[in-house]
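S.K.: Structure incoming, see below.
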Amino acid sequence: MSRVSVRGIAVASATAVTAVGAVVGITGTGASTSNAQTVDTASSTTKLLDVPGTAQAQQVSTGVLQQADAQTAAYDEAQRFQAAEAARIQAEQKAAADKAAADKAAAEKAAAEKAAAAKAAADKKAAEERAEEAASRSETRTPVTTGDPKAIARSMMNATQFQCFSNIVQKESGWRVTATNPSSGAYGLVQALPGSKMASAGADWRTNPATQIKWGLNYMNSRYGSPCGAWSFWQSHHWY
């Protein structure tokens, strides 16, 4: 029930009480002009109910209005409380939504920055490796053709590529020129399969470490870009 309807009912009730007292001719002291009135119905007489006097009616009216005012005030307070509570809940929900959106945006930004940094690092590393490979290929060297196989290999490439080349040869043949795989038939320092492939680098491929190294280096450069590229593949697959 609204504030207006509560007050309206109270006023109407109070007015009715006062009006009843006036209609039946009640005096201020509560005594009627005649002590009792009767109404004659079909065969019996019934006394009218005693109606409160004007002062009493006024008291009743005032009490009803006060009660109505109290109810109205309570209703208004309840409405204010509900409105404040609804505003508080709405504010909390908005704050939570704003925070979630901000957290998501921050996480996406951090992920994007991390991905960009990783890509930049990978691109930089790739560029450095390409530059090193290019420098290695263009660098003028005087190849060693006899003697220690490792010394021969060092003379054909830079230190970084030699280390990768050496890692592969160590794993494949232990730096033995005539190493033969009894299962597959792979042969030589770089375990060419079949060994006769190395003939493209020299007819003495069976015994000359320089020929085998030359062939192996060309193979690694053409297939993996460099000995280090071949070593990276070897570490994942244990063959190249």
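The values are calculated or read from the model by the stated rules, or taken from the named source; none is laboratory data. Values in this document were obtained by computation on a predicted structure and should not be read as measured data. FYI the Cβ positions are ideal-geometry reconstructions off the backbone, even for glycines, and counts take in every protein chain you see. With ligands, DNA and RNA removed, areas are computed over all heavy atoms of the protein, side chains included. Shrake-Rupley method; radii C 1.70, N 1.55, O 1.52, S 1.80 Å.
S.K.: Identify, from the list A97, A120, A73, the residue that is free of Cβ contacts under 8 Å to residues at least 40 places away in the same chain and under 20 Å from the mean Cα position of the chain (by Cα).
M.R.: A97
S.K.: Can I ask one more? Taking interchain pairs and intrachain pairs at least six residues apart, which have beta carbon atoms under 6 angstrom, with the first residue in the range 145-174 and within 13 Å of P209 (Cα to Cα) and the second open to solvent by 70 Å² or more (accessible area, probe 1.4 Å) and at pLDDT below 95?
M.R.: That search, which allows pairs on different chains as well, returns S155/P143; M156/P143.
S.K.: Please give the number of the condition K214 fails out of (1) surrounded by 14 or more Cβ atoms within 10 Å (Cβ to Cβ); (2) part of a loop (DSSP other than H, G, I, E, B); (3) among the basic types (K, R).
M.R.: All conditions pass for K214, except number (2).
S.K.: Give me the pairs, please: first residue somewhere in the range 221-240 and touching a residue at least 60 places away in the same chain (Cβ under 8 Å), second residue anywhere and among the β-branched types (V, I, T) and open to solvent by 40 Å² or more (accessible area, probe 1.4 Å), beta-carbon distance under 7 Å, and either six or more positions apart or on two chains.
M.R.: Note: pairs meeting the criteria are C228/T160.
S.K.: Can we say A151 is over 18 Å from W234 (Cβ atoms), in a helix (DSSP H, G or I) and open to solvent by 30 Å² or more (accessible area, probe 1.4 Å)?
M.R.: Spelling it out, A151 is indeed over 18 Å from W234 (Cβ atoms), in a helix (DSSP H, G or I) and open to solvent by 30 Å² or more (accessible area, probe 1.4 Å).
S.K.: Just name the residue that is most open to solvent (accessible area, probe 1.4 Å) out of those in the range 187-207 that are under 17 Å from F165 (Cα atoms) and more than 55 Å from the chain's Cα centre (by Cα).
M.R.: This residue is Y187.
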